[in-house]
Amino acid sequence: MIWTLAVRNVMRNRRRSVITVLSIAVGLAALTFLWGFIDGMNRQMINNTTRYFAADAQVHLKGYHDDPSLDRAIEAGARVLETVRADPSVAAATVRLETTVLASRADRSRGILAFGVDPAQEARVTDLFKAVVDGRGFSGADDAGVLIGEGMAEALALRAGDDLVLVGRAYDGSVASARVPVRGVFRTKIDDLDGYVAVMPMAAMRDFLAAPAAVTAVAVRLRDRGELGAAVQSLSARVGSGHEVVGWPVLLPMVAVSIRFHEVMGFVVLTIFFVMVAASVANPVLMAVLERTREFGIMLALGTSQSILFRLVVVEAALRGAAGLLLGNAVGLGATAAFGRTGIDLGA
């Protein structure tokens, strides 16, 4: 009887019911889209900062992340690489050889990080070669030269085709020096990369550092970045206690802090928005009750108990709420999915 009466009461004043349902639907759709937008923005920020060079995770010798030096290089780099690639959570992996060097041209110089990479495997893990704006990237292991960031090119007055002098410490402790041509200039719009990173083919870097087999890191791209925690644990178990597996939040701490800040601010905005939507929904529901004071009085006079009357009002609100939830989810999830496929151009 209560459900029958509730349906009749909802359909009796269709205008008020439609207003209530639309209030719930519009509010829920807006909340869903806003939540998706904030989450998508955070995911895009992570992707933009990891896809160029940092990767989703890296494997080092124990202690290398806190004190990066050639003394903590992995001598059995090929074995560790195969172990990492055997993990089912890994989509691609590649080795790197990193060191600090002094880069100079004429009377200009700058301390930078130089990386040796396997061009073919690096292209499967990161998109650095796609960011080349002057010259060209590496296409094979026999390529020569060096890729530098746009900021470094401006600081040292370099462009593709110019020569760059690199001086550093070799793997055996001797002085390493070389004059290499600038093969290309990349632009990632990440200051640390554009201003202080140079990339060479692994063969050239091994020759420069006199390190025939050592590597300093294994960069990893995961099949699902959302499962980073489980992947780090799995990789740590595979490579052993003598190595460390570092995820992107540790590799890029400022990005992790920014993501957390956006999440907190997004939660605050969603909470405020939720309160506003709840208030707009509560108003027609409250009016629907107050306008029926005479009707409720007659029902009580005829012997209807207060509990039945209360349940009737709750069921009516539940029917309107269910309709609003269905419509709001359909609109909100549909709009979010549509924009998830096409994206939102924020270039302006």
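The values are calculated or read from the model by the stated rules, or taken from the named source; none is laboratory data. Just so it is clear, the model here is predicted, and its values are computed rather than measured. Neighbour counts are summed over all protein chains in view; Cβ atoms, including those assigned to glycine, are modelled from backbone coordinates with ideal geometry. Keep in mind that these areas ignore ligands, DNA and RNA; they rest on the heavy atoms of the full protein, side chains included. Shrake-Rupley method; radii C 1.70, N 1.55, O 1.52, S 1.80 Å.
Accessible surface ranking for F339, F267, F129, 1.4 angstrom probe, highest first: F267, F339, F129. Taking Cα atoms only, the orientation of helix 14-49 departs from the longest principal axis of the chain by about 10 degrees. Couplings 3J(HN,Hα) of the range 85-95, computed from phi: 5, 6, 6, x, 7, 8, 8, 7, 8, 8, 8 Hz, in residue order, whole Hz [Karplus 6.51 cos²θ - 1.76 cosθ + 1.60, θ = phi - 60°; x for Gly and Pro].
As I understand it, the dipole of the chain uses +1 on the Cβ of Lys and Arg and -1 on the Cβ of Asp and Glu, about the Cα centre. Which of L290, V146, L270 lies farthest toward its positive end? Going by the Cα projections, it comes out as L290.
Eigenvalues of the alpha-carbon gyration tensor of the chain, scaled by 5 and square-rooted, set the equivalent ellipsoid semi-axes at 63, 22, 15 angstrom, largest first.
All other residues with a Cβ under 12 Å from the Cβ of N47 taken together, and with Lys, Arg as +1 and Asp, Glu as -1, what is their net charge? So the surrounding residues net to +2.
With +1 on each Lys and Arg Cβ and -1 on each Asp and Glu Cβ, how big is the dipole of the range 244-348 about its Cα centre, in debye rounded to the nearest 20?
With Lys and Arg at +1 and Asp and Glu at -1, about 280 debye.
The tail of the calculated P(r) for the range 1-79, taken as Cα-Cα distances beyond 23 Å, holds 62 percent of the pairs. Relative to one another, the C-alpha centroids of the range 1-28 and the range 299-324 are positioned 12 Å apart. Full extension of the chain segment joining M254 with D191 gains 21.4 nm, where the gain is 0.36 nm per residue of separation less the Cα-Cα distance. When both bridge partners sit in the chain, DSSP labels roughly 80% of those beta bridges antiparallel.
Surface listing: D143, D71, D345, D56 arranged by accessible area from highest to lowest gives D345, D71, D143, D56, probe 1.4 Å.
When every Cα-Cα distance of the range 236-311 is counted in 5 angstrom steps from zero, the calculated P(r) takes the values 3, 11, 9, 10, 8, 8, 7, 7, 6, 6, 5, 6, 5, 5, 3, 2, 0 percent. Size of the range 87-188: Rg and Dmax of its alpha carbons, in Å, are 14.4, 50.
Decide, for the range 40-112, between rounded, prolate and oblate: order the square roots of the alpha carbon gyration tensor eigenvalues as a ≥ b ≥ c, take rounded if a/c falls under 1.5, and otherwise choose prolate if a/b is larger than b/c, else oblate.
Working: a/c = 2.43, a/b = 1.24, b/c = 1.96.
In terms of gyration-tensor shape, oblate.
The amide H of L222, built 1.01 Å from its N in the peptide plane, has D56, A91 as neighbours under 5 Å, considering only residues 5 or more places off or on other chains.
Determine Rg/Rh for the range 199-348; Rg is computed over alpha-carbon atoms and Rh is the Kirkwood hydrodynamic estimate from the same atoms.
Result: Rg/Rh = 1.29.
The shape of the range 158-276 comes out oblate: with a ≥ b ≥ c from the C-alpha gyration tensor, a/c is at least 1.5 while a/b does not beat b/c. Sorting the segments 183-196, 102-115 by their mean number of nearby beta carbons within 10 angstrom, highest to lowest, gives 183-196, 102-115. For the range 31-65, the residues whose backbone nitrogen is under 17 Å from a point 7 Å from the Cα of T342, taken along Cα to Cβ, are 33-34, 37. Largest accessible area first, the listed residues M299, M41 line up as M41, M299 when surface is computed with a 1.4 Å probe on the assembled protein chains.
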